[in-house]
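> Sharing a structure below in structure tokens format, with a few things to ask.
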Amino acid sequence: MSEASPPALEARALTRELPGPVPVTLVRGIDLTIAPGEFVAITGPSGSGKSSLLYLLGLLDRPTAGTVLLSGEDTIGSSPDRLADLRLARIGFVFQFHFLLPEFSCLANVEIPIRKLGRLGGTAARRRASDLLEQLELGEHRQKLPEQLSGGQRQRVAIARALANDPPLILADEPTGNLDSRTAALVFDIFRDLAHTQGRSVVVVTHDAALARTADRRIHLVDGRIEG
Amino acid sequence: MALPLALDIALRHLLHRRRQTLVSLLGVTLGVAFFIAISAMLQGFQRDFISRIIDIQPHIIVMDEVREPPRQPVERAFPDAAILLHGLKPREETRGLRGARNMLATLEEASGLHVAPALSGNVLIHFGGKDISVNITGITPDQERKVTHIEKDLLSGTLDALYTTSNAIILGEGVAKKAGIRKDDLITVVSPAGVMMKMKVVALFSSGITVLDNFDTYVLLKKAQVLQNRPNVINRLKIRLDDVEQAAPLAARIERQFGYRAEPWQEQSRNVLGIYVIQNAIMYPTVSAILIVACFGIFNVISTVVFEKTRDIGIMKSMGFRDSDVRLVFVMEGLIVGIVGTLIGWLIGWLLIEFMASLKFEMEGFVKAQGFVLYRTPRHYLISGGMAVLSATLAAWLPARRASRLNPVDIVRGAG
């Protein structure tokens with residue numbers, strides 16, 4: 001990492017409160033820096049604010065206070081459209097549920113973000129999606145519908161889709177929550193590989209302490225604060 | 001070539017819910033098809049009636065009546081005073097247009113119009129033990145053929161037979177049918193003035209307008225004057241214009257100039273034209289209601305799709321779809337249903353019109369026709385298509401807006 005290059009992701013005094021008669025603070029005053037190529041696991045008990053922090057880092061949610069910098073770009077004043085554009089080009093999301101569009105084949109699902117971004121033409125987009133599925137050992141399933149795949153295969157398709165626009169940042173929210181331990185380990189291997197071999201920053205929220213230990217760094221949240 | 005992404009997603013959503021999509025399509029299709037077919041039928045009859053009126057009747061009739069009774073001398077002298085008059089008796093005046101020959105000469109000098117004098121009144125026709133009350137009009141054939149198309153409507157005989165045959169009369173087809181009269185029959189005509197005359201039927205006419213065919217008869221002007229015992233009297237001036245649109249303003253001018261009531265063709269047929277206005281006012285909202293009901297169907301389908309696709313909307317937004325992109329997908333679904341429904345509706349509407357055109361039957365209402373009179377115009381297709389696409393898009397807009405406002409965080413939190 002060059003000294004001059006900004007962190008892949010930076011959170012400054014990040015706070016998220018839910019308004020209401022009794023306001024609830026999901027995340028409070030979090031400072032966090034993720035370097036390019038770093039594989040970070042966020043752990044903590046249920047309700048500790050892990051997913052809320054991830055949604056803030058992924059620009060899906062807006063903080064009540066503080067800010068998120070994506071490759072040095074402050075997103076605090078960005079319009080919803082600009083945030084959508086940043087998510088499309090620079091962030092790949094993987095969720096506990098695969099969220100594949102059921103009417104589209106695996107290949108078409110992976111193609112969607114590429115088509116949306118529009119940097120690649122039709123044939124190149126198809127080749128890119130196909131290559132990603134090949135890399136994740138799903139080449140033979142590319143024309144199948146999501147319902148024709150196993151849970152692990154669907155989650156790998158979701159990872160391929162998250163990688164479709166070659167984003168420098170991958171955010172995963174309990175990606176192994178619905179998978180058996182062998183498949184979960186395989187998915188974590190993929191994330192580690194994405195960070196260490198391809199130089200992407202990967203942030204994974206997980207309950208699984210054993211898997212979290214395989215990450216470069218572990219951030220433990222309790223009551224919306226980083227512990228330790 | 002790959003479809004644009006929003007269109008691709010919209011199409012797949014619709015194809016995934018085939019049955020509901022088909023029901024919505026059917027609604028739009030039927031709305032468009034019936035709009036086209038019913039509009040063609042109603043406007044066909046209306047336009048046919050109006051064109052027949054314009055073709056058959058004079059465009060303006062100057063009558064021996066005044067629109068408002070003349071004011072009393074005392075009222076003219078004290079226009080602002082409150083006046084109460086008792087014991088007024090109307091003056092017995094000889095009916096007819098005073099100075100009709102001068103009026104005729106003045107009007108004949110104007111360009112773009114033809115004038116013919118006439119004396120119109122009621123008589124009783126007696127034939128074969130039957131008495132029929134009819135309207136008899138005394139005409140001069142040479143001038144009459146320039147102001148009406150009576151000559152074109154003759155089923156048998158000629159207009160000039162009024163000149164060449166002594167005591168000749170031309171009857172409407174309906175009059176002849178009622179009394180069983182045929183051409184060359186001798187009939188008895190009795191006027192309210194008590195004059196009785198044996199007349200020979202020299203021709204029959206059929207204008208296609210029932211009320212005219214059932215009540216109108218024609219004789220020479222001179223004969224009519226004898227029958228009515230009103231020598232040299234003319235009580236109608238019939239005017240035909242080169243430009244039919246000038247009828248109303250010219251009638252108003254004539255009325256101002258000569259003081260007599262001058263009715264343009266619109267006023268002569270205002271009862272029927274008024275019925276058409278009511279007919280249109282009922283028909284168009286009724287047919288539009290079909291489209292509106294269809295739009296409820298579209299609203300329902302797209303609302304259901306939005307509900308079902310909440311997870312997909314969440315992931316699309318997390319992937320980087322803007323609110324407007326999500327909205328576009330669902331608006332496009334309405335647009336697709338509207339456009340496809342319109343295209344099929346156009347085809348079915350066209351087939352319906354052709355089917356109606358192929359039906360042959362005798363019909364007698366305001367007008368006589370052998371089957372439906374249909375008016376084919378691209379305007380009906382454009383109006384129905386425009387209404388369908390617009391309303392389908394509006395029906396999709398509300399659920400689309402709701403979809404675009406969904407918070408992806410709420411969706412991904414709730415899923416799993």
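> Say whether the condition of being within 14 Å of chain B (Cβ to nearest Cβ), at negative phi and touching a residue at least 24 places away in the same chain (Cβ under 8 Å) is met by at least one residue in region A:28-43.
No: region A:28-43 contains no residue that is within 14 Å of chain B (Cβ to nearest Cβ), at negative phi and touching a residue at least 24 places away in the same chain (Cβ under 8 Å).
> Run down B:M332, B:M363, B:M356 and say which single residue is in a strand (DSSP E or B), away from chain A (no Cβ under 14 Å) and either over 30 Å from B:L212 (Cβ atoms) or among the aliphatic types (A, V, I, L, M) (or both).
Working: B:M332 fails: in a strand (DSSP E or B); B:M356 fails: in a strand (DSSP E or B).
Checking each option against the conditions leaves just B:M363.
> Ok, one more. Which one of the conditions (1) surrounded by 24 or more Cβ atoms within 10 Å (Cβ to Cβ); (2) under 19 Å from A:L117 (Cβ atoms) does B:S324 fail to meet, given that it meets all the rest?
Status for B:S324: all satisfied but (1).
> Hey, can you tell me all the residues within region A:70-101 that are in a loop (DSSP other than H, G, I, E, B), more than 7 Å from chain B (Cβ to nearest Cβ) and touching a strand residue (DSSP E or B) at 6+ places or on another chain (Cβ under 6 Å)?
If the condition is that a residue be in a loop (DSSP other than H, G, I, E, B), more than 7 Å from chain B (Cβ to nearest Cβ) and touching a strand residue (DSSP E or B) at 6+ places or on another chain (Cβ under 6 Å), then A:T75, A:I76 are the ones that fit.
> I want to confirm something. Restricting to region A:87-97 and keeping residues that are surrounded by fewer than 24 Cβ atoms within 10 Å (Cβ to Cβ) and not basic (K, R), which single residue is farthest from A:N178 (Cα to Cα)?
First, the residues of region A:87-97 that are surrounded by fewer than 24 Cβ atoms within 10 Å (Cβ to Cβ): A:88-90, A:96-97.
Narrowing further to those that are not basic (K, R): A:88-89, A:96-97.
On the way: A:L88: 25, A:A89: 27, A:Q96: 7, A:F97: 7 Å.
Checked region A:87-97; the qualifying residue farthest from A:N178 (Cα to Cα) is A:A89.
Each row is one residue, and each column tells you yes or no for (1) within 23 Å of B:D325 (Cβ to Cβ); (2) not in a helix (DSSP H, G or I).
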| position | (1), (2) |
| --- | --- |
| A:E103 | yes, yes |
| A:S130 | no, no |
| A:E134 | no, no |
| A:N165 | yes, yes |
| A:L171 | yes, yes |
| A:P175 | no, yes |
| A:N178 | no, yes |
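> Can you give me the ranges of the helices (runs of 4 or more DSSP H) entirely in region B:130-239 with at least 3 residues that are crowded, with 16+ Cβ neighbours inside 10 Å? Before you say what the answer is, go through the steps one by one.
Numbers: elements: B:141-147, B:161-164, B:173-179, B:210-215, B:221-227.
So the answer is B:141-147, B:173-179, B:210-215, B:221-227.
> Further question: B:T304 - would you say it is more than 14 Å from every other protein chain (Cβ to nearest Cβ) and either out of contact with any Cys (no Cβ under 6 Å at 6 or more places or on another chain) or among the polar types (S, T, N, Q) (or both)? Give the derivation first.
Numbers: more than 14 Å from every other protein chain (Cβ to nearest Cβ): yes; either out of contact with any Cys (no Cβ under 6 Å at 6 or more places or on another chain) or among the polar types (S, T, N, Q) (or both): yes.
Spelling it out, B:T304 is indeed more than 14 Å from every other protein chain (Cβ to nearest Cβ) and either out of contact with any Cys (no Cβ under 6 Å at 6 or more places or on another chain) or among the polar types (S, T, N, Q) (or both).
Residue-by-condition table, conditions (1) closer than 30 Å to B:A289 by Cβ; (2) touching a residue at least 24 places away in the same chain (Cβ under 8 Å); (3) among the aliphatic types (A, V, I, L, M):
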position: B:V23; (1), (2), (3): yes, yes, yes
position: B:V32; (1), (2), (3): yes, yes, yes
position: B:M41; (1), (2), (3): yes, yes, yes
position: B:I54; (1), (2), (3): no, yes, yes
position: B:Q72; (1), (2), (3): no, no, no
position: B:E75; (1), (2), (3): no, no, no
position: B:A116; (1), (2), (3): no, yes, yes
position: B:S120; (1), (2), (3): no, yes, no
position: B:F127; (1), (2), (3): no, yes, no
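> Which residues, counting only those in region A:147-192, are modelled with pLDDT of 90 or more, acidic (D, E) and closer than 29 Å to A:G72 by Cβ?
Scanning region A:147-192 gives a single hit, A:D173.
> Quick one: what pairs do we get from region B:6-21, first residue within 11 Å of B:M332 (Cβ to Cβ) and within 11 Å of another protein chain (Cβ to nearest Cβ), second part of a helix (DSSP H, G or I) and among the polar types (S, T, N, Q), C-beta under 6 Å, 6+ apart or different chains?
Hits for this filter: B:L14/B:T21.
> Based on what the data block shows, is A:A185 away from chain B (no Cβ under 14 Å) and over 25 Å from A:L14 (Cα atoms)? Quick ask: steps written out before the conclusion?
On the way: away from chain B (no Cβ under 14 Å): yes; over 25 Å from A:L14 (Cα atoms): yes.
When the stated conditions are applied, A:A185 passes them.
> Out of B:N280, B:N271, B:N235, I need the residue that is within 30 Å of B:Y163 (Cα to Cα) and either of a type outside the set (A, V, I, L, M) or in the same structural domain as B:L155 (by TED's automatic domain parsing) (or both). Which one?
Details: B:N280 fails: within 30 Å of B:Y163 (Cα to Cα); B:N271 fails: within 30 Å of B:Y163 (Cα to Cα).
Of the residues listed, the single one that is within 30 Å of B:Y163 (Cα to Cα) and either of a type outside the set (A, V, I, L, M) or in the same structural domain as B:L155 (by TED's automatic domain parsing) (or both) is B:N235.
> Restricting to region A:49-71, give me the number of residues that are of a type in the set (S, T, Y) and either at pLDDT 95 or above or more than 14 Å from the chain's Cα centre (by Cα) (or both).
Filtering region A:49-71 for residues of a type in the set (S, T, Y) gives A:51-52, A:55, A:64, A:67, A:71.
Next, from what is left, pick out any that are either at pLDDT 95 or above or more than 14 Å from the chain's Cα centre (by Cα) (or both): A:64, A:67, A:71.
Of the residues in region A:49-71, 3 are of a type in the set (S, T, Y) and either at pLDDT 95 or above or more than 14 Å from the chain's Cα centre (by Cα) (or both).
> Could you tell me whether B:R402 is away from every other protein chain (no Cβ under 12 Å), touching a residue at least 40 places away in the same chain (Cβ under 8 Å) and within 30 Å of A:P175 (Cα to Cα)? Write out each step before concluding.
On the way: away from every other protein chain (no Cβ under 12 Å): yes; touching a residue at least 40 places away in the same chain (Cβ under 8 Å): yes; within 30 Å of A:P175 (Cα to Cα): yes.
It is true that B:R402 is away from every other protein chain (no Cβ under 12 Å), touching a residue at least 40 places away in the same chain (Cβ under 8 Å) and within 30 Å of A:P175 (Cα to Cα).
> Please work out which one of (1) surrounded by 15 or more Cβ atoms within 10 Å (Cβ to Cβ); (2) within 14 Å of chain A (Cβ to nearest Cβ); (3) in contact (Cβ under 8 Å) with a residue 60 or more places away in the chain is the condition B:M387 fails and give its number.
For B:M387, the failing item is (2).
> From the list B:L84, B:L104, which residue is in contact with a Pro (Cβ under 9 Å, 6 or more places away or on another chain) and at negative phi?
On the way: B:L84 fails: in contact with a Pro (Cβ under 9 Å, 6 or more places away or on another chain).
The conditions single out B:L104.
> Sticking with this one: Examine region B:81-100 for a residue that is touching a strand residue (DSSP E or B) at 6+ places or on another chain (Cβ under 7 Å) and surrounded by 11 or more Cβ atoms within 10 Å (Cβ to Cβ), and state whether such a residue exists. Please lay out each step first, then the result.
Within region B:81-100, the subset touching a strand residue (DSSP E or B) at 6+ places or on another chain (Cβ under 7 Å) is B:97, B:100.
Of the ones still in play, those that are also surrounded by 11 or more Cβ atoms within 10 Å (Cβ to Cβ) are B:97, B:100.
Yes, region B:81-100 has at least one match.
The values are calculated or read from the model by the stated rules, or taken from the named source; none is laboratory data. None of the values given here were measured: they were computed from a predicted structure. With ideal geometry, Cβ positions are generated from the backbone for all residues, glycine too; neighbour counts draw on all protein chains shown.
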